[in-house]
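We did not get these values from a lab; they are worked out from the coordinates using the rules stated. Note that the structure is a prediction, hence the values are computed from the model and not measured. For neighbour counting, all protein chains shown are included, and Cβ atoms are generated from backbone atoms with ideal geometry for every residue, glycine included.
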Amino acid sequence: KRKHQEFIDPTINEALRRAGFRWPNIDALAVTVGPGLAPALEVGIAKIRELAKEYKKPVIAVNHMEGHLLSSFACNSRGQGAFSKIRWQFPILGLLVSGGHTQLVLMNGFSQYQLLGETLDDAAGECFDKVAKMLGLGYPGGPIISELAKTGKPIFDLPIAMANSGDLNFSFSGLKTACLYKLQKLGVVVDKPAFAPRASTGKQFYCDFAVSFEKVLVESLMIKLKKAIEQYQ
């Protein structure tokens, strides 16, 4: 929470600078109201109330996950964006893989959403972080594991949960547990800092384990995404 409070003003000022706007040019203020971590949300909501009162601007409450979906429609100052060069129409299928959420959403129109599937336990991002912690790689785990995976070989067998479940839900707690058991079976000291002096495993081991884990997690996402495309195309 303290870090959010420390950086929120510089972040707002930098956003205005990059956009080339001043407060008189702003029509309304938007703020994420959830889902998310309460301390972070509290800082944002408190700041937006302060700014709305100071500059007399209306406030728009934004759902965190809807914000992820709609970011695909955003364009830069040159009118360039993900959808700017393609012809598109509803319905649109969205796969949301953020730090704490994993969802498949059918977008039938703006503000018209159908939740097709979601994780029943850990989110994909949480699984990355927890496996990185087991390997002693630090936080956040996603970028570290993905970087190591670039030079690894997928030599470790890990399970894909709910591949044949018949629905569009995800599960990643089983993969996390399988990684723990695999590491213990290999004699790796869990949570020990990676690449420590006299470590029993060299860097290539971490690269191989990282790509094995990442490959299985991404494959589990793709299985459900392909199934959703088949059902709703």
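Quick look at the values:
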{"read-out": "Rounded to 10°, Cα long-axis angle of helix 38-55 versus longest principal axis of the chain", "value": "20"}
{"read-out": "Prolate/oblate/rounded label for region 2-86 (Cα gyration tensor, a/c 1.5)", "value": "oblate"}
{"read-out": "Region 1-155: relative contact order in percent, alpha carbon pairs under 8 Å with at least 6 residues between", "value": "12"}
{"read-out": "Paired Rg and Dmax values of region 124-232, which use every Cα atom, in angstrom", "value": "14.5, 53"}
{"read-out": "Between region 69-124 and region 139-166, the Cα center-to-center distance that results, in Å", "value": "23"}
{"read-out": "Two-decimal ratio, the chain, of alpha-carbon radius of gyration to 2.2 N^0.38 Å", "value": "1.21"}
{"read-out": "Ranking of Glu230, Glu118, Glu147 by count of other Cβ atoms within 10 Å, fewest first", "value": "Glu230, Glu147, Glu118"}
{"read-out": "Derived scalar couplings ³J(HN,Hα) [region 14-22; Karplus, 6.51 cos²θ - 1.76 cosθ + 1.60; whole Hz; x for Gly, Pro]", "value": "5, 4, 5, 5, 5, 6, x, 10, 10"}
{"read-out": "Cα-centre dipole for the chain with unit charges at Cβ (Lys and Arg positive, Asp and Glu negative), debye to 20", "value": "600"}
{"read-out": "Rounded to 5, percent antiparallel among DSSP beta bridges of the chain", "value": "70"}
{"read-out": "Residues whose placed amide H lies under 5 Å from that of Gly34, excluding near-sequence neighbours", "value": "His64"}
